[in-house]
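Below is one structure, written out as structure tokens, with a few remarks after it.
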DNA sequence: GGTGCGATTGCA
DNA sequence: GCAATCGCACCA
């Protein structure tokens, strides 16, 4: 069952936590569908969150974050890696969830946001793409119980001061595709 | 119009 | 430990 619009129109922290265990689905141009369960994600809040791209307001790059939840926000980092985000909440809130790691049914895992987008063939052409459309969507998968969810500080945002220490990273405890910490 | 750097990764 | 590599945020 596909996750529908209401799933995305909630607090970004709730969406992030609930995305664990869900199945990321990507239909390639040729028709093949790739699938993988999410095991590591990070919540980026809107105004106020110094680690978030939306912290300094609307720009050409982060514009999708300001849209209503239910679409993708894809950007290029370090000039070579794409990062895939799920936009959440209502229009103007500018929140999103960064997808950092997934595991495929066959056991093949993509650990790290750059490796995840490479594994699922996601690039800027999917920026603003609907998550209720034919190319990229999420399915119910197998929700993770609270006892198996661990919260930590987000990765790679040391520049954000106190915000870098907020526990906004959600991971499946002891999962091999997730680094310690 | 010029400049500095990043929500990372892979290799020495 | 560090280079790769470029879109874009920010300043002039």
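The values are calculated or read from the model by the stated rules, or taken from the named source; none is laboratory data. Owing to the predicted nature of the structure, the values given are computational and were not obtained by experimental measurement. FYI the Cβ positions are ideal-geometry reconstructions off the backbone, even for glycines, and counts take in every protein chain you see.
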Quick check on this structure: which one of A:74, A:39, A:87 is under 16 Å from residue A:112 (Cβ atoms), within 16 Å of DNA strand C (Cβ to nearest atom) and part of a strand (DSSP E or B)?
A:74
Residue check, residue A:162 assigned to a helix (DSSP H, G or I) and either in contact with a strand residue (DSSP E or B) (Cβ under 7 Å, 6 or more places away or on another chain) or closer than 19 Å to residue A:54 by Cβ (or both):
yes
Tell me, please, whether a residue that is within 16 Å of DNA strand C (Cβ to nearest atom), surrounded by 14 or more Cβ atoms within 10 Å (Cβ to Cβ) and either within 15 Å of the chain's Cα centre (by Cα) or at pLDDT 95 or above (or both) can be found in segment A:137-149.
no
Taking segment A:90-122 only, how many residues are in a helix (DSSP H, G or I), free of Cβ contacts under 8 Å to residues at least 40 places away in the same chain and closer than 25 Å to residue A:56 by Cβ?
2
So which of A:119, A:173, A:162 is surrounded by fewer than 14 Cβ atoms within 10 Å (Cβ to Cβ) and out of contact with any helix residue (DSSP H, G or I) (no Cβ under 8 Å at 6 or more places or on another chain)?
A:162
Outside any helix (DSSP H, G or I), more than 16 Å from DNA strand C (Cβ to nearest atom) and on the phi > 0 side of the Ramachandran plot: does that describe residue A:30?
no
Residue under question is residue A:10, and the condition is that it be within 12 Å of DNA strand C (Cβ to nearest atom), assigned to a loop (DSSP other than H, G, I, E, B), touching a residue at least 40 places away in the same chain (Cβ under 8 Å) and over 16 Å from residue A:113 (Cβ atoms); does it hold?
no
From the options A:160, A:102, residue that is under 24 Å from residue A:69 (Cβ atoms) and within 9 Å of DNA strand B (Cβ to nearest atom)
A:160
